[in-house]
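None of the figures in this text is laboratory data; all of them are computed from the coordinates on show. Everything numeric in this text was worked out from a predicted model, so none of it was measured. When we count neighbours, we look across all protein chains shown, and the Cβ atoms used for this are built from the backbone with ideal geometry, even at glycine.
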Ligand code: FAD
Ligand code: DLZ
Ligand code: SF4
């Protein structure tokens, strides 16, 4: 009699997953495992581990309710070998399946494991495509072709055409593809922010919280209060809440930041999307429906959909087309170790302190905090790609290498030499001051350029341009700042170098 084993990974919690297709509930077995190797290959934020273990346990239970046999190995099972390969090997011995089905993983290192499984188990191991993404790995590779630079905007238009989202025949709704120029407003002081739906831990989550507290006490991040949803039902409720209350302001205030306000008008759905509790298509369809019903403006809905069928699919395509070499490049030769305050939050720079606080408290920071505060700082200070990439992979509940790496390596650090973005997102303190209220209470002053009161982003910005002149001056999009630099007096440049040397020595 043939019997298949379906191995479902922690970020594959989708009933329609390709490895579950054709499953015979009377005969086949689903395998799910909690293993130390996955929780510690980087030392993930404690809320991220708790979110995933609880979501995995709930997903297993939902399959059981359908009458499917789930072999679920818990972290504290004494026989647990604590690796994917070890647990698959044990499960093959336990159930003697005739074949194994898996869905391609989100990370290169797991892909390499899967290729070994295909060789080493003595039974067929079928790796199926992850069709939860709109653009398959092959389709992206075909789009990328021989291009030396990939640009999201052109890829995004293809995705709009392919999905029909926000399309009027062959034309984009509203007559333009992209409303980004409308989406850069600072937050007005009097604006009312939407309350956000958070979830009380149930008994399953409480067990997992205890387990994580016991086994991962020394990992970064607050474990509680824990407010993430852990089931598809809760993820859908979170999405519905955002569409009803957050989406209208998403476009206008997408780039804004405010002290003590950690979510603003953002979706807070990335952990659900990336673990499989929501699919990209349904999220975009719900947003489009809100616009068609007159419940949200086009600039918000287009901006939101672009993040998902544009950026999210784009970075995944780059990851799978360019790995493993992608992770090894270091175009700007950045080598500085990560300052300790990225872990402790102990810095006098209010903007960084705030972004690190929300990361620690919620395993979440919104896009512009990641890009223009922690990311901008890492770029300007020349932090080594590997060190800052590991930080991002650890601290966010939504972080998996397929999405984290292109964002950090490419978008933030320009370490890929411009494959993903045409220029580094370098900015001085003026940008943060315009888009947030962080600078008001800071010991530094964004209007001061030199000396101990000067905002470190100000001198580090020019220090970055001076240090990378040989590489970046060839970039036409950097022509303007380099023209300004060329007009600077030698004394001003010396002051920039001296301020930067002092500051960088202090944070070492
Ligand atoms: P919203 O602002 O509401 O956006 C809606 C959705 O769009 C997100 O849920 C996400 O699925 C998608 N999205 C938006 N921007 C991007 C992007 N640049 N790349 C991919 N998807 C995007 N996102 C991750 O999911 N995991 C990561 O590990 C991750 N690391 C990042 C690191 C850096 C340095 C930067 C600049 C961005 C990173 N992002 C990452 C992208 C983005 O910051 C998060 O997806 C977003 O903050 C999640 O919060 P949200 O659901 O409230 O997003
Ligand atoms: C992130 C993570 C963690 C912390 N733990 C597990 C686990 O115990 N079991 C599991 O199946 N998956 C886990 N994951 C998610 C995996 O790391 C993820 O599936 C791979 O990185 C591939 O994307
Ligand atoms: Fe950040 Fe500079 Fe503003 Fe302080 S003054 S909050 S360091 S941007």
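Between the helical axis of 490-507 and the dominant principal axis of the chain, each derived from Cα atoms, what acute angle in degrees is found, rounded to the nearest 10? The two axes meet at around 40 degrees. Can you give me the angle between helix 456-467 and the longest principal axis of the chain, using Cα atoms only, in degrees from 0 to 90, rounded to the nearest 10? It is inclined by approximately 90 degrees. Note that the stretch 381-508 carries a Kirkwood radius of 16.1 Å, evaluated over its alpha carbons pair by pair. Helix content alone sets the calculated 222 nm mean residue ellipticity of the chain: runs of n ≥ 4 DSSP H residues at -39500 (n - 2.57) each, divided across all residues, give -13000 deg cm²/dmol. Look at 449, 48 and count the other Cβ atoms within 10 Å of each Cβ; fewest to most, that gives 449, 48. Inter-part distance, the stretch 245-321 to the stretch 111-167, computed on C-alpha centroids, equals 21 Å. Dividing the C-alpha radius of gyration of the stretch 232-327 by 2.2 N^0.38 Å, with N its residue count, gives 1.16. Going from the residue with the fewest nearby Cβ atoms within 10 Å to the one with the most, 356, 123 rank 123, 356.
In percent, rounded to a whole number, the relative contact order of the chain is 16, using alpha-carbon pairs under 8 Å and six or more apart.
Separation of the stretch 223-240 from the stretch 418-478 is 37 Å, based on Cα centroids. Between the stretch 47-82 and the stretch 189-203, the C-alpha centres lie 28 angstrom from each other.
Residues 191, 243, 68, arranged from fewest to most other Cβ atoms within 10 angstrom of their Cβ, appear as 191, 68, 243. Using a/c under 1.5 as the rounded threshold, could you call the stretch 116-255 rounded, prolate or oblate? The axes a ≥ b ≥ c are square roots of the C-alpha gyration tensor eigenvalues, and prolate needs a/b larger than b/c, oblate otherwise. Taking the square roots of the gyration eigenvalues as a ≥ b ≥ c, the stretch 116-255 is oblate.
Could you tell me whether the chain comes out rounded, prolate or oblate from its Cα gyration tensor? Rule is a ≥ b ≥ c as square roots of the eigenvalues, rounded for a/c under 1.5, then prolate if a/b exceeds b/c, otherwise oblate. Since a/c reaches 1.5 and a/b is larger than b/c, the shape of the chain is classed as prolate. What does the C-alpha gyration tensor say about the overall shape of the stretch 284-354? Classify as rounded when a/c is under 1.5, otherwise prolate if a/b is larger than b/c, or oblate. Judged from the Cα gyration tensor, the stretch 284-354 comes out oblate (a/c at least 1.5, b/c at or above a/b).
Relative to the longest principal axis of the Cα atoms of the chain, the long axis of helix 108-120 lies at roughly 30 degrees.
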